[in-house]
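The values are calculated or read from the model by the stated rules, or taken from the named source; none is laboratory data. None of the values given here were measured: they were computed from a predicted structure. For neighbour counting, all protein chains shown are included, and Cβ atoms are generated from backbone atoms with ideal geometry for every residue, glycine included.
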Amino acid sequence: MGSNGFRSMVSGGSALVLAADKVIAKGKRIAAHMLEAAETDIVFENAAFTVAGTDCSVTLKQVAMTAFQPAKLPPGVEPGLYENATYAPRRDTFPNGCHVAEVEIDPETGVASLQSYLVVDDVGTIINPLTLAGQIHGGVSQGVGQVLGEQVVYEPGSGQLLTASFMDYVMPRADMMCNVNIVSNPVPTPGNPLGAKGAGEAGCVGALPAVMIAVMNALQPAGVRELDMPATPERVWRAMQAERIQQTVPV
């Protein structure tokens, strides 16, 4: 889930919160009538409306059922328990974080292998930790794939696409990855009712520079200072060989 994902959470999620608040407010009015209490004394918690300081309560289900029985509603309340809301953010959100990657390179084959990976992210309020971890894992995999293998290749001269299927185009696979350690540092933003900042691009945006910088740091002892993505075994091996030849050529 990319930029559309975090825009959906900030906009759609916030609209959902505002609509839910309206439903709860109407539910309190109905519950107060059912419990013969003042509306200001009604609190909503754990799917129940309760008279503050007492054990008198009605469940959300009971209130919802009553809401569709006009004869049991307080004067002026329309039947039904549904609301709508619209939310348009006035400003963008800015998630942030830090990615640390450790890469080892086999000097004989040029194979770059990811040894460890750490992510510390601030995506604001975390709505669902499981799906957040999935987004970050997927984004990191996407970034690692771009760094270590993915490339669109055309045949010189004819322009024929040579990577037309996943048999030829190098997609990130399980053996290209390592365990990804995720640490959350949520700082809710005041920019929307949810406090969410979004996590759509967090994994990929951090993985691209982190992994490529790790590759270049690993190649530094070999004298390699420049290398274009993707850092395929062939490219890495050729870069190291070129430096070895240059170092052995007499001045």
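Of everything in the stretch 227-251, what is under 22 Å from HIS99 (Cβ atoms) and not β-branched (Val, Ile, Thr)? Give them in sequence order. Of everything in the stretch 227-251, those that are under 22 Å from HIS99 (Cβ atoms) and not β-branched (Val, Ile, Thr) turn out to be LEU227, ASP228, MET229, PRO230, ALA231. Taken together, ARG235, ARG244 contain a single residue that is touching a residue at least 60 places away in the same chain (Cβ under 8 Å), surrounded by 10 or more Cβ atoms within 10 Å (Cβ to Cβ) and among the charged types (D, E, K, R), which is ARG235. Within the stretch 48-94, the residues that satisfy the criterion of being touching a Lys or Arg at 6+ places or on another chain (Cβ under 8 Å) and not polar (S, T, N, Q) are PHE49, ALA67, PRO74, VAL77, LEU81, GLU83, ALA85, PHE94. Scanning the stretch 163-211 for residues that are surrounded by 16 or more Cβ atoms within 10 Å (Cβ to Cβ), closer than 15 Å to LEU132 by Cα and in contact with a Leu (Cβ under 7 Å, 6 or more places away or on another chain) yields a count of 1. The set of residues from the stretch 16-69 being small (Gly, Ala, Ser), under 13 Å from TYR82 (Cα atoms) and surrounded by fewer than 15 Cβ atoms within 10 Å (Cβ to Cβ) comprises ALA20, ALA25. Quick one: how many residues across the stretch 117-145 are out of contact with any helix residue (DSSP H, G or I) (no Cβ under 6 Å at 6 or more places or on another chain), farther than 21 Å from VAL187 by Cα and of a type outside the set (Ser, Thr, Tyr)? So the answer is 2.
The single condition among (1) over 28 Å from the mean Cα position of the chain (by Cα); (2) assigned to a helix (DSSP H, G or I); (3) small (Gly, Ala, Ser) that SER11 does not meet is (1). Among the residues of the stretch 63-101, those that are among the charged types (D, E, K, R) and either under 25 Å from the mean Cα position of the chain (by Cα) or over 30 Å from LYS197 (Cβ atoms) (or both) comprise LYS72, GLU78, ARG90, ARG91, ASP92. Where strands (runs of 3 or more DSSP E) fall entirely within the stretch 34-129, those with at least 2 residues that are within 30 Å of ALA218 (Cβ to Cβ) are at 96-105, 112-122. Of the listed requirements (1) of a type in the set (Gly, Ala, Ser); (2) within 25 Å of PRO190 (Cβ to Cβ); (3) in contact with a Pro (Cβ under 6 Å, 6 or more places away or on another chain), GLY110 misses just one: (2). When every residue of the stretch 147-170 is checked against the conditions, none turns out to be touching a helix residue (DSSP H, G or I) at 6+ places or on another chain (Cβ under 9 Å) and free of Cβ contacts under 8 Å to residues at least 40 places away in the same chain.
Only one of the numbered conditions (1) free of Cβ contacts under 8 Å to residues at least 40 places away in the same chain; (2) under 30 Å from GLY143 (Cα atoms) is violated by THR93, and that is (1).
Residues in the stretch 82-99 that are surrounded by 14 or more Cβ atoms within 10 Å (Cβ to Cβ) and touching a Leu at 6+ places or on another chain (Cβ under 9 Å) were compared, and the one that is nearest to ALA25 (Cα to Cα) is GLU83. Residues considered: ALA85, ALA64. Of these, the only one that is of a type in the set (A, V, I, L, M, F, W, C), outside the structural domain of PRO193 (by TED's automatic domain parsing), over 16 Å from MET34 (Cβ atoms) and touching a residue at least 12 places away in the same chain (Cβ under 8 Å) is ALA85.
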